[in-house]
Amino acid sequence: MGYHTFVLDGDNVRHNLCEDLGFSNEDRIENIRRISEVAKLFIEAGVIIMTAFISPFRADREKARQLVGEDFVEIYCHCSLNVCEQRDVKGLYKRARKGEIKEFTGISSPYEEPENPELVIETGHQSLDECVDQILDYLRQCNIINI
Ligand SMILES: Nc1ncnc2c1ncn2[C@@H]1O[C@H](COP(=O)(O)OS(=O)(=O)O)[C@@H](OP(=O)(O)O)[C@H]1O
Ligand SMILES: Nc1ncnc2c1ncn2[C@@H]1O[C@H](COP(=O)(O)OP(=O)(O)O)[C@@H](O)[C@H]1O
């Protein structure tokens with residue numbers, strides 16, 4: 001598409017920049033703070049940066065919004081707990097239900113739903129292609145991309 005993009009997610013952040021952090025509320029807050037600062041650097045470099053984190057607390061998402069400014073787009077990838085548990089790609093929900101993982105989001109750690117996200121994507125009901133199209137349409141509407 002001719003745009004320089006990058007995705008930050010658990011795979012490239014939690015194993016290095018944030019390897020000292022776990023999943024307590026305090027550590028999640030620090031995780032999102034670092035990610036927000038890194039995202040800002042990417043933006044300064046002209047990159048469209050996508051951050052795919054649980055980011056469970058409204059206050060931290062709001063801080064990220066303030067830091068980044070008007071180009072911040074909050075996309076709520078909604079999915080019921082039921083569907084997440086059926087997918088259970090890494091078997092973590094099963095382990096959390098057995099009590100083997102503590103402070104697991106959705107089971108034993110809170111998730112504060114966004115109140116006014118720019119976009120809500122129903123990932124539990126829509127196909128992957130439909131989800132992607134919805135995001136691309138929004139980015140076109142906002143002139144973040146022009147194709
Ligand atoms: N206790 C607990 N709670 C929630 N998630 C857990 C936990 N332990 C491990 N994982 C795996 O870590 C990934 C989510 O990390 P995040 O950095 O997005 O979390 S947060 O934003 O700091 O809340 C996410 O993995 P990915 O889906 O590969 O990103 C989770 O499966
Ligand atoms: N819109 C969707 N439609 C169908 N399957 C999806 C959709 N979104 C995610 N999935 C599937 O759900 C699983 C978890 O998705 P993933 O992107 O790994 O989630 P996360 O990193 O947020 O835990 C994967 O197997 C993925 O293929």
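Modelling each spin label as a point 7 Å along the Cα-to-Cβ direction, I'd like the Ile101/Glu44 distance in nm, to one decimal.
A separation of 3.4 nm, rounded to one decimal place.
Output ³J(HN,Hα) for the range 126-133: one whole-Hz value per residue in order, computed from phi by the Karplus curve 6.51 cos²θ - 1.76 cosθ + 1.60 with θ = phi - 60°, and x for Gly and Pro.
9, 6, 4, 4, 4, 4, 4, 4
Points 7 angstrom from Cα along the Cβ direction at Leu17 and Cys142: gap in nanometres?
1.9 nm
Roughly what % of Cα-Cα distances in the range 75-147 sit above 19 Å, to the whole percent?
Result for the distance tail: 49 percent.
Please state the relative contact order of the range 52-132 as a whole percent: Cα pairs under 8 Å, 6+ residues apart?
Reported as a whole number, the value is 42 percent.
Pull up all non-local amide H partners of Ile144: gap of 5 or more, or a different chain, and H-to-H distance under 5 Å with H placed in the peptide plane.
none
Which cross-chain or sequence-distant (5 or more) residues have an amide H under 5 Å from the amide H of Ser109, H modelled 1.01 Å from N in plane?
Counting only residues 5 or more places away or on other chains, the set is Phe104.
Taking only the alpha carbons of the chain, what extent do you get along each of the three principal axes, in Å, biggest first?
48, 34, 26
Radius of gyration and Dmax for the range 1-72's Cα atoms, expressed in Å?
Calculated on Cα positions, Rg and Dmax stand at 12.2, 39 Å.
Want the number for His125 to Asp71: 0.36 nm per residue separation, take away the alpha-carbon distance, what's left?
Between His125 and Asp71, full extension yields 16.7 nm more.
May I ask for the longest run of the chain untouched by trypsin sites (Lys or Arg not before Pro) that are loop-located per DSSP and have at most 13 neighbouring C-beta atoms (other than their own) within 10 Å?
The answer is 1-89.
Bear in mind these aren't lab numbers, they're just calculated from the coordinates by the rules spelled out. Everything numeric here is computed off the predicted structure, so don't read it as measured data. Backbone-built Cβ (ideal geometry, glycine too); neighbour counts: all protein chains shown.
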